[in-house]
Each structure stands twice: as C-alpha cells, then as structure tokens.
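What follows is a single structure, written as structure tokens, with notes after it.
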Number of protein chains: 4
Amino acid sequence: MSEPLRRRLRDLGIGIGRFDVGPNNAITDVAGVLVGHHTLRRGTGRRKVGSGPVRTGVTAILPNAGKIFTDRYIAGHFVLNGAGEVSGLTQLAEWGLLETPILLTNTLSVGVASQGAIAWMLDKHPTIGVEHDVIIPLVGECDDSFLNDIGGSHVKVEHVRAALDAARGGAVAEGCVGGGTGMVSFDLKGGIGTSSRVLPEELGGYTLGILVMTNVGRIEDLRVDGIPVGRELGPAFIHAAKRPNLYGSIIVVMATDAPLATSQINRICKRTALGIGRAGSYAAHGSGEIILGFSTANVVPRGRVQRVRRFDILADWAIDPLYQAAIECTEEAIANALCAAVPTDGVDGRVVQALPLDRLVDIWNRYWRDCPPSPDAG
Amino acid sequence: MSEPLRRRLRDLGIGIGRFDVGPNNAITDVAGVLVGHHTLRRGTGRRKVGSGPVRTGVTAILPNAGKIFTDRYIAGHFVLNGAGEVSGLTQLAEWGLLETPILLTNTLSVGVASQGAIAWMLDKHPTIGVEHDVIIPLVGECDDSFLNDIGGSHVKVEHVRAALDAARGGAVAEGCVGGGTGMVSFDLKGGIGTSSRVLPEELGGYTLGILVMTNVGRIEDLRVDGIPVGRELGPAFIHAAKRPNLYGSIIVVMATDAPLATSQINRICKRTALGIGRAGSYAAHGSGEIILGFSTANVVPRGRVQRVRRFDILADWAIDPLYQAAIECTEEAIANALCAAVPTDGVDGRVVQALPLDRLVDIWNRYWRDCPPSPDAG
Amino acid sequence: MSEPLRRRLRDLGIGIGRFDVGPNNAITDVAGVLVGHHTLRRGTGRRKVGSGPVRTGVTAILPNAGKIFTDRYIAGHFVLNGAGEVSGLTQLAEWGLLETPILLTNTLSVGVASQGAIAWMLDKHPTIGVEHDVIIPLVGECDDSFLNDIGGSHVKVEHVRAALDAARGGAVAEGCVGGGTGMVSFDLKGGIGTSSRVLPEELGGYTLGILVMTNVGRIEDLRVDGIPVGRELGPAFIHAAKRPNLYGSIIVVMATDAPLATSQINRICKRTALGIGRAGSYAAHGSGEIILGFSTANVVPRGRVQRVRRFDILADWAIDPLYQAAIECTEEAIANALCAAVPTDGVDGRVVQALPLDRLVDIWNRYWRDCPPSPDAG
Amino acid sequence: MSEPLRRRLRDLGIGIGRFDVGPNNAITDVAGVLVGHHTLRRGTGRRKVGSGPVRTGVTAILPNAGKIFTDRYIAGHFVLNGAGEVSGLTQLAEWGLLETPILLTNTLSVGVASQGAIAWMLDKHPTIGVEHDVIIPLVGECDDSFLNDIGGSHVKVEHVRAALDAARGGAVAEGCVGGGTGMVSFDLKGGIGTSSRVLPEELGGYTLGILVMTNVGRIEDLRVDGIPVGRELGPAFIHAAKRPNLYGSIIVVMATDAPLATSQINRICKRTALGIGRAGSYAAHGSGEIILGFSTANVVPRGRVQRVRRFDILADWAIDPLYQAAIECTEEAIANALCAAVPTDGVDGRVVQALPLDRLVDIWNRYWRDCPPSPDAG
C-alpha cells in the first residue's frame, strides 16, 4: 500500500501535558537506554499457516547500553490487566531488578524471543547457563493475528539477535516497526510509540521516557488529551473489518533516571496505567495491559561484591511530578504510535487504516483553537 | 454563606458515557442499597481543637437493606493509592465478603465510626462479640482538616448510629453532607457524589452504582468527560488558600446486581480507578484512593449452613460493559459531588469555592455545542 | 487461680534454630525498640456485656524510642491470612514507612486503641490533625472473646496511653500481659511472646527480633522445632471447653537493624509466615495472621527536607540468614508465649490450661536426649 | 551408576498427616488429571555446551484428560518466592482459568516447552493462532545446571510433544524423570514427587493431589514430618560438591475436585507454601517457589456460550480440611521425590547422592518407635 506522510503528534502542533519533552521525545532520552527493531513483512493474501502473510517482528529495549547483565537496574511493574504475558515478570516482581534486555514481539513468539535473548547474552557472557547464572529474559507480547500469520512462527532466533544488535540511542522508529509491525490499536493501525518528559530542575530535573507496543482499544474510545477523537471520527470511519472487542493488549516500558526504589517504580507503573485509561482503554477482559519500569540511577552489580550498598533514593514527597510525567508521556506515546503507523494489509486481505492526521488536527483545532480559553484561564 | 442553587451534572445537560442512568442516577438504584448521612456543621473562626469549627459527618452505605450481617454479599476492592484507611479492608480482601455496613468519615474518626457501627449492629445482633461473632466494620476516611477541626473528635457514636438509621433508598443527598461535609476536591468544595448505569438487556440488563466521597485533586487537573474544565477555569479561579498538593483522597463504593465472583469485583474496582484518573487525579503520593465493591446477586448466609452452595456467576467475556459502566459512573459521581457542593467556610476563616455551574456549562458548550460533530460521526 | 512457675523456652534447655539469641532474647534487642503492656483483668463468672469478666489489655511497640513520628522507619508486611485487622496497614503497604507506634489489643478495641494512640501522639506533636499531619496508627487485633467480655469495650483511651507510657527496653513480659491477656493459642493459654537472633559478624552481625500476640491454632497441631508436642500431649489433655476450630489469629511484629528496603522487609515478613506454619498453624479460614516488619537502619525524616536521600541497603544475596532468623525466631516467640502464659479463667467460668512445662521437657528429651544424634551428624 | 531399590515414603512405613491417601497417592487421583514424562539422559564427563552431559526432560500435567482448551478449569496460584518462571502465570492470575496443559522443565527450556505445547495444541485445535485464539501455556522451570548442560538446549519440541503424549492416569513415575531428571533438592537428588489426600465424607469427601518438581533446599534443613532428618544425617553426609545455597527452586501443582472459586484456590496454594516451609525450605532469595492450583469441579467452556453460569462453590467455612491436606500432601510429595530419586552423575563428573532410605527409616524409628507416645496421647 502507498504510505502517506506520517508525523509525530507534536509535529502536528499537539502536545499533551505540562512538562517539556526530551531531545528525542523518546525513551532513549534516558541515558543508556537503546532501542532496536527487526521488522518482518512479506507476502499477501490468504493466511496459510507457516507461509504468511507475515506482519510481525521484534523490538528490543537495551537498558544500560547493553551492560545490564553485570550492572543491573532497580525495576518494578504493574499489571493493569493480565490477559497477556511478559516472561520473566515474576522474577522482576520478586527481586525488583532488571538484568536482561526487554523484548517485545507477538504472543506465540515469546518462547523464541526468550531463546534469542539468551543466545545473544550467552555470546556476551559465556558463563550464563554454566555456573548458576541462568537468566529469564523479559519478553512482552501482543496478539497480531488479525494481520499476521502468528501460528507460522516466523520470528526466529536470528531476528531477535538482529533487533538486539540494532539497538541505538537517539530517535526511535515508531508505528509499524519491530514488534509493532502487525499491531492494531483503537481499530486503527498501531504499533510502537514513544515519548519522554524532562522535569524542571526545581522538581529534580529528571528524565522519564515511555515506549509502548500498542494493540489496544476500540475507535469509539480513542482520546487525545481528553478530546474524544475516536467519537468524532465516528465508528463509520472504520470501513473495514474490525477485530472483536475482546482482544488487544498494550505493553508499556517506562525508564527514568530518577533515583527510585522498587516500590516507587511499581507506583509509577500504576500511574502509567492511568495514562492508558486516559487514552481510551478500559482494560478489557481479554487485553494484556502490562507495564514494566526501571530506574537507571543506581546500579546493582552482579555477584556477591558488597554486603551493604549505598543507594540514592528519591524522597516520596517528591515523586508526584514523575507520576504526572508518566501519565502524560504514556498518552503521548500511544498517540505517537497511531500517528506513525501506516495503513497495513495482512492476512486474508484485511486492511487496517491509519489514524487520519488531517482529521486529527481538524478535530483538535476545533476544540482548542476555535474555542479560545476563557478570560481568566491561567 | 449563601447557598446558590446547585444541580446535578445531567440536569445541566451534561452526561458522561454511553449507558443509560438508573431512576435515581445513584448507587441506590442497585436494589437493597441504602444511603444515610449525618452532617455536623457548627461554629466559625479560628481552629480551637475540641471546639471547632466543625465541618464533618458520617455517611453510611447499607447493603442488603440492613440484613448484611446474616445475608452477606460477595465483595472486592482495589487500592489505587493506599495513603488512607479503610478499616476492615484486609478481611474483605481475604474473604471476598461484605458483612457490615460501609461508613465514610474523617481520618481521625475511623475508630469511633467503627465503634458506632459495632454498637449499632450489636443492637440488631446481640450475639456479636459474645460467641465468636466479632466483626470488623468497613470504615473509609478522607482528611477534612483543611476546613474541619479534625483533632477535636466531633464525630460521636450517636452520630454514626444516626447516619445508619437515616439510610434510605431513592435519591441520595450529595455534596456537603455526611462524611463529605468538609471535603475539598480539585481545590473546589467536594464531598459525596453518586451515579448509576443500567446496561441494556442484551448486555445483561444489570445496574451498577457508584458513590464517592471525594477529597482529591488540584483544579488544574479537573476534567469532565475529558474536557479540561479545570484548565479552562484556570488556577486564578481559586482566589483563596489552596491545600498543599500532597493531600486529598477519594473513597469509592461500587455496587452492582450483576452476579460476580470476588475476582471479578476486584477487576471492576480496578477499572473504577481508571475513572478516577479520567476525572483528573494522578493518585498523588499522599492521596488515599481506595475502591470497595460488592455484588448483590448472590447471598452468602452466615453460619455453617451448607457445605456447597450454588452461585450464578457472570461469564468473564461478558464483563466488559461493567468495566465501561464503572469508569463512566465514577467520573459522573465525582462531577456530581462538585456540582452539588456549596461554597463552605471552615477553620481559620478559610473558604472553599464551589464549582461554578454556569462556567461549567459555558465551557462544555463551547466544546460541544459550538464544535459540531464532524459529518461522519456515528 | 494459682500461677505455677513459668519459664522461657531456652530456660527449659530448649532452643530453636542455629543462630544466637540477643541479650534479652526479645524484640527489644533491636536498639530503640521499646515494649509496654497494660493489662486489664477483673471479675469472674458469667459474661455480662459491659461488666465482665475482663481479660484483655493493650501492648505497645514503640520503634525508634518514641521518635517514630519525626524519624520514620522503612517498613513492610505480609498477610498470611487476612481474617483480622491491622488498622493502618494499607498506608504502611503503600508507603513502606512506619510513623506511629504499633498497638496490639482485642478485635473490638481497635478503634479505641487507634484513638488512644492518636491522643498520645497529639500530646507529643500538637500539629497532628491541625495542618495535614493526620496519622493512621497501626493497631493489630486478635479475638479474645472466649475469655473476655469483648463486647464490653473495657479498653479505654487511658489504657492505651498507659501501655505506651510503659514502653521500655530490656526484658519483655510475656504470656498473659497487655493485648495477650485473654488470648488462647493451640487450645492452651497464649498471649505475648518474643525472641531475637543475632547473626554472626560474617553474615552481617544484624539483630532481628520478633514479638507475637498469639491466639492461633489447635493443640493437635502444636509443634516445637518440629517435634509434635501437641500430638504427644494429646487432645485429651484439654479437659475443658475448646474454641471452635475456625477462630484464632496471630499478629507478628518483626524488627531488625539490618538495612533493608520495603521490598526486602515484605519478603522477610513472608518467611515469618513460614515460622507460623512450622509452629503448627495452617492459617485457618477464620484466622487473622498478619505480619508487620520494620528496619531501624535508615531514618526517613518527616517533612520535605531533602529531595534525594542516601540509604544503606543490604544486598539481596545477603538476605538469606535474615530469612532463617525470622523463621526460627517466630517459632520461638510463639513457644515463649505458651511457656509464659498461666492458666486463666474467664467468661462463664471457662478455664484455659497452660502448656505443661514438665511435659514439654519430657517430650523434648525423649526425642532428643534419649535419641542420640546419629554418628556422623555435623 | 547402579540404581538402588527405591521406595515411596509410605512403603517405608512413614506417613505424614492425618488424612487418607488416594488409590495412587498421586495427583492423578483427582479424576481427569494425567501426567506424562519425557526424560533426556545421555553422556558423561565435562560440560561441553551443546553436547552434554544431558540430564533433563519435560513433565506434562494434563488437566481434564486433555480437553482443557475447550473445557477450562478454575485456577489460582501463589508465589512464595518469585526467583523463577512459570510462563502464563500472569494470565492465570488475571483470569483464574486454566486452559492449557502445565509443563515442567529446565530454566532455559521454558521457551521451547511453550512452543512445543502450542504446537501440540495446534494439532488438536487448529483454530489457535488463526482467529484470536492465542494461548499462553503454563511452563514452570527449575535450574538443573548443576548436573545438566542447560545451555545446550537439549529439550526440543518433539520432547515436549512426547511428554504430552505420554500423559496417563494411575501411578506416576517419580524422582529422576521428566523435568525432574537433573534436579537437586536438600543437597540430595530431587526431581518429581507426588501425593494425594482424600477427605472423609463428613468433610466433603474431596480428593486433593500435589505434584512437585523439587530442586530446593540444603541438607541441614531437611525435615520429614517435622523430624530433622537432614540434621541427623549431618552435613558430612554430603561427600560431594554442594551447590551454592542461593539456588534451587520448587514448582508445585495442586489439583482438587473440591468445587472452588479462584480466590479459594489462591488461598490453598498459599497453604501449600507452608508445606514447602515445613519440609525445610526457607524460600531462599534465589529460589523460585511457585504454586499453581486448579479445581476440576466446575467447567468453564471456551467461547461466548452463556452469559451467566451456575457454579457449585464450597463454603469458606468448609475449606480448612483442604488447607491441611494441601500442607501434608506437599510435605509428602517432596519426600516422595527424594525417596524415588536415584544417585545421579552429571556435568564435570559431579555426583548427587540419593536420600539413604535405610538411614531415613532408622532416624524415623528412633523418634517414633523408640519414643512411645505419652500415656494420655489421643
């Protein structure tokens, strides 16, 4: 299909929230966080399990510039709705530590993504699996079977390695890339989106970034900063087959350089869920809405190196701006995924439309430009 | 202070969400749910601990028309942020049962409300406390110390009894009544609010009701159905002292006649939290945002009457409409609290303004009436 | 009744576990932890609600030598079975902070104990309740209605104050004192028990102490270090009325000077539950088995004093000895409660027997002395 | 190595607990529960990653005689310590449903076991992965790298299929079979163990079965029904290399035909953890101790077949015997694993000894036979 020009939400003149964005408006604005994609896209026509069409891939988030196995981070999570899988989540929840990359892919490729991550780490750390250094990689998934021959197991170990090897800082490709290639969100083409916030110095000056793989929601519920964009577009906008309501998921990764304990990261991840809700999800029964988070501020070295370690930890009273940042950043990352994604065909000739950016701007402007703020607004 | 005419949100022409409301648009639309208030309001001027001014009270929710001790309900909960207290919550979480009324009051009156509820139940069930029938009443709280002499312990056992005795079905008084008398929400006068939804028959025809005691939020974050009403009003609208950001809480009670298991009620309570988020709370560090829920569809009799009981339980695939209803109902209950509450003075001459209904309508109309839906809206 | 000589478990020549005990073998071995009791005991004969007999009281644990409001500790918890109440638990779980004393009393006195703790703290910190410094005291309960006129509300605010004022370091009175006065455990007289462990220097040298209020279990399940003492005593040993199986609870308070994060304290509290299990509880449906824990190593000052604080935190790989210490200490604290408690009569002439120390020693010796360790035992 | 005669615990004259065992004293006593193993064992000598030695395998638990995809069961879980992985756990926790087999294997084979289970289910249900019927199989793991070339990825999809195809009712092979082939527990050879209980009719007559894959514990902590067998054997008994303390795990699967809701199964799983504790685990930091449970009494059909379903649910007051059964059954299943496992060599010539059954009987008899019960024992 022809791919129309896509732009990020802010490039359309639309911003969400009160805080400034970072240089890339991406999770990579948190120092040391790298992102890589490997996209698999081939074939058209009827689904033939094992043959295609293929609309899937792998996205890798590498914390600590790839040194995460030896120099671990404090981590946390929240499960808004658990109809999904992030392998390794139980250990992350128990230990509050991140010691592997985070991979995002389709539901039936979690196993191979896990194997690929292990293989890639074994190359770097050959003692893994030899002397009690087994690891359980974090692999999150959404179900892309509406467009992708998910039963065909098209993701291979080498694709996982490729995503990991491709991880870079700087601008992050969004939309139909990596794990997001075949995802559908709010009945529109979804996928990968990201955003970041930098708190003012007087609130700590911290950077917080969000990356989502969004496969969630129905068009009638879509909101952009509260504005009911989906309602305005109208259900009739979707002139192709819609997925059943029940399905869809979203995996969110939150990174920050604010110095946080596990319990604080868990709490921020919970606020991230509020951001998912503001974007229009009601966390449907069949939707896996899982948030992982980590802080890059304290390193927890592997091995029995020191009985007591000194950590810098943010005072709880100072955490509220991070809550707000996490919410607005999540809303914007979801919107960015929709803004970047292009119309995509898939199995059985299904087509998923893209969010129409001109219509989005029109709707936004009618609400905001044509409706001037009241006289005494701050 | 003079009390201007207050109206409910829908009476202003503003509705939230897609489902119909019940006859009273109140939690009492769920059959057998009764609500009573006892309001304490006296004195003005400087805070003199023990003397006043007094702006507080007790709200009682009586499930099962007061027979809840013998004919118990299945119940659940969710803690969005736990900087608050609902006594009895641990047992509710463990057993998934509701066997006492639910009381709402100020933070330092939880103990006396608990004693009052026990005393009231002892009158009805004299075996309590004699033969292993101790109970742990559910008492939720918010901190009304901005307006109320909270340290003065003005709530007495007889006031708790009075609220319980006052419990009725039908229309529910909102705003500055009962436990909500001294509450502040979004820097405006808050308090008690309620709303209900009735699902269409083809979705089960269930009724779901919400009652909130809202003491949460900052004006700049207030939203009504996504519309940034607080931003439009502007921070300058608040021309009196504002509470520090850190404080504020909200207790939510959800009731439904849909036949649900504990795990399902827990899940609905979690969606209710998304409704709190949509109304503008980011669940600040210092805010107690706790949701209780119960289903009236199955009765669990007290005592060892039957080893195995037959329950009607909703299929999980049919739960999504209840999620949506809980979210929109929570948003509307919060708005109803603000719409009903009147400007209130309190300790040290502080005054908390009410949400200006004319301004609310103006803002709403500019967004909705002046901005006609796009041609192809559904 | 005549009170026979009672001795602590170790004074009988019985020790549990591998680690050394502290100087007092009590929770007070953790520096700054004080314990006080106020015991209410009067009347005999038939229960007359409001008149007696009275067999109840209050036990107070004062962390940080009473400065806990301003210099707070990191805290955690675990609920083994939640058929009970610790008021303030939700906030402790959310914030991971301890900022009030911990009170233990009977189920229907939680409210008054909470009020008493607030009153006592108001005296010391008059700004509480004036300017957004409301507190939610931690008050744990067990049901002593088998012996005590629990419905009579005999615990008054002054008794709570008295327990708090009585708090001291050093040896801790055990058995039928304070909140433990009317408690029954394993069909024997229970109540308050405590124990401590000091890790060897090479494991960190930390002190960990446990205090229990035990009201849990049936005699046939009682174990001392695995030895089935209750089975040996035999059900026939109980020649008086037994409580229904369903009831009984245990509240455990764990203190340590090991430097721990909230998530680590939560994990230690979970191991404490294993200690309850080893002593013979199966955490019955009707039993409230709740564990609170705190670390005295890091102080979290009240107020907005510092955005980022430096904490010493134990490495996770070094936590295992604390797990073991918590388990063995819990087992011994429960045994100490039984060893210290004296035969007690109560309402309606009921009598609860004490654990027969001579029989305990006999049973122990048959297992251990008469059964010499095998030749190659370490 | 030569394999000495091994017997089950009860065949040695040792029983744990009060309830009767089922016909097979195995999880298969719960009607419809099938178990299959596929064992991989080849090579000796030095570890050469990819070549061996291989000491590993797969164990499959098939609920509902293989019809679990269409006729699902109510399920629950508990995480005692989460340093491990059960893929699919998040969804089980959210939905409280079991809809796939449960597989047990080594840590680095979770992915392939998941793929194998999906492949096997796709054969039976070709719509999986085609139309929104993705599944997330439950795959639990322990780390067998002490004996097994875990990094060599020796478990293949066909081995997973073989374990599933081998699933049968009746007696269950224990010890060094299937996923248990390379496991070490209490410094002795561990692996698969199982046990069951049948409640007396007056307690409901339900059957409850446990199957463990045990890789947990240190010899000095091993207990059999409270008797400190490991202490008696003495650390010197282990004359070979010991694993570091930190490692080891146990996965427990609980099945019952008692009619239970998810929240009740969660609670029983928590008691199962007490059984793990009684057997001698303190749930070390590095140990994955995860319990899954399901009830076969109610079937939840796949698909949108009925909005409201009728369930038989056990009254909570009747649940205590199931708690006790779960604890004693878990203890016995762990002991059975040790009793069945044979001495095993593995990578780098390491040898893990078996529990010496003659010594076990000697120790047991000294405690129990030579120490006659006291006169008045019941």
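Read-outs: derived from the displayed coordinates by stated rules, not from any lab. Since this is a predicted model, take the numbers as computed values, not measurements. Please note: Cβ atoms are built from the backbone with ideal geometry, for glycine as well, and neighbour counts cover all protein chains shown.
Between copies, residue A:44 shows label-point distances of 6.3, 7.7, 9.7 nm, shortest first, with the point placed 7 angstrom from Cα along Cα to C-beta. A Förster radius of 51 Å combined with the Cβ-Cβ distance from residue D:307 to residue B:165 puts the calculated FRET efficiency at roughly 0.85. In this calculation the C-beta distance from residue A:202 to residue C:239 is compared with R0 = 56 Å, giving a FRET efficiency of 0.20. What the pair-distance distribution of the protein assembly as shown shows, using all Cα-Cα distances binned every 20 Å from zero, is 10, 39, 39, 12, 1 percent. Dipole size of segment C:136-216 about its Cα centre, with +1 on Lys/Arg Cβ and -1 on Asp/Glu Cβ: approximately 160 debye, rounded to the nearest 20.
In order along segment A:322-327, phi translates into HN-Hα couplings of 5, 4, 4, 4, 5, 5 Hz, rounded to whole numbers, per the Karplus curve 6.51 cos²θ - 1.76 cosθ + 1.60 with θ = phi - 60° and x for Gly and Pro.
With θ taken as phi - 60° and the Karplus curve 6.51 cos²θ - 1.76 cosθ + 1.60 applied, the whole-hertz 3J(HN,Hα) list for segment A:304-321 is 8, 8, 7, 5, 10, 10, 9, 10, 8, 10, 5, 5, 4, 5, 9, 8, 4, x Hz, x standing for glycine and proline.
Does segment C:1-126 come out rounded, prolate or oblate, given a ≥ b ≥ c as the square roots of the eigenvalues of its C-alpha gyration tensor, rounded meaning a/c under 1.5 and, failing that, prolate meaning a/b above b/c? It comes out oblate by the Cα gyration axes. Taking all Cα pairs closer than 8 Å and separated by 6 or more residues, the relative contact order of chain D comes to 26 percent.
The label-point distance for residue C:11 and residue B:348, in a model that sets each label 7 Å from Cα toward Cβ, rounds to 5.4 nm. Residues whose amide H falls under 5 Å from that of residue D:35, counting only those 5 or more places apart or on a different chain, are D:62, D:168, D:169, with hydrogens built in the peptide plane. Restriction of the chymotrypsin sites (Phe, Trp or Tyr not before Pro) in segment D:285-358 to DSSP coil positions whose beta-carbon has at most 14 other beta-carbons within 10 angstrom yields no sites. Label-point spacing for residue C:239 across the identical copies (point 7 Å from Cα in the Cβ direction), in nm and ascending order: 5.4, 8.4, 9.4. Summary for residue C:200: label point 7 Å along Cα→Cβ; distances to the equivalent points in the other copies, ascending, 4.8, 5.7, 7.3 nm.
Near residue D:82, the amide H atoms lying under 5 Å from its own belong to D:289; only residues 5 or more places off or on other chains count, and H is placed 1.01 Å from N. For chain C, the 222 nm mean residue ellipticity estimated from helices alone, with every DSSP H stretch of n ≥ 4 adding -39500 (n - 2.57) and the total spread over all residues, rounds to -7000 deg cm²/dmol. Remark on chain A: ratio of C-alpha radius of gyration to 2.2 N^0.38 Å is 0.95. Residue of chain C with the smallest Cβ distance to the axis mapping C onto D, distance rounded to whole Å: C:226, 2.
Over segment B:209-344, the pair-distance histogram of Cα-Cα distances with 10 Å bins from zero comes to 11, 37, 27, 15, 7, 2, 0 percent, rounded to whole numbers. For the protein assembly as shown, the Cβ-based charge dipole about the Cα centre amounts to some 0 debye (Lys, Arg positive; Asp, Glu negative; other atoms uncharged). Shown in residue order for segment D:206-216 are the 3J(HN,Hα) couplings computed by the Karplus curve 6.51 cos²θ - 1.76 cosθ + 1.60 at θ = phi - 60°: 6, 9, 10, x, 10, 10, 10, 10, 10, 9, 10 Hz (x for Gly and Pro).
Per residue of D:355-366, other chain Cβ atoms within 10 Å of the residue Cβ number 1 on average. For a straight C-alpha distance cut-off of 23 angstrom, the lysines reachable from residue A:48 (same-chain residues fewer than eight places away being disregarded) are A:156, A:189, A:242, D:124. Using a 7 Å offset from Cα along Cα-Cβ at residue A:124, what residues in segment A:45-72 end up with backbone N under 19 Å from the label point? It comes to A:58-72, nothing else. For segment A:258-378, averaging the sequence separation of C-alpha pairs within contact (under 8 Å, six or more residues apart) and dividing by the residue count gives a relative contact order of 29 percent. The Cβ shell under 9 Å around residue D:301 holds other residues with a net charge of +2, Lys and Arg each +1, Asp and Glu each -1.
Cα extents for segment C:114-187 along the principal axes, largest to smallest and rounded to whole angstrom: 48, 33, 19.
Remark on residue A:189: its backbone amide H falls under 5 Å from those of A:353, A:354, A:355, a criterion applied only to residues 5 or more positions apart or on other chains, H modelled at 1.01 Å from N.
Given R0 = 45 Å, the distance between the Cβ atoms of residue A:49 and residue D:20 translates into a calculated FRET efficiency of 0.40.
Put simply, when D:281-291, D:43-53 are sorted by average Cβ atoms within 10 angstrom per residue, most first, you get D:281-291, D:43-53.
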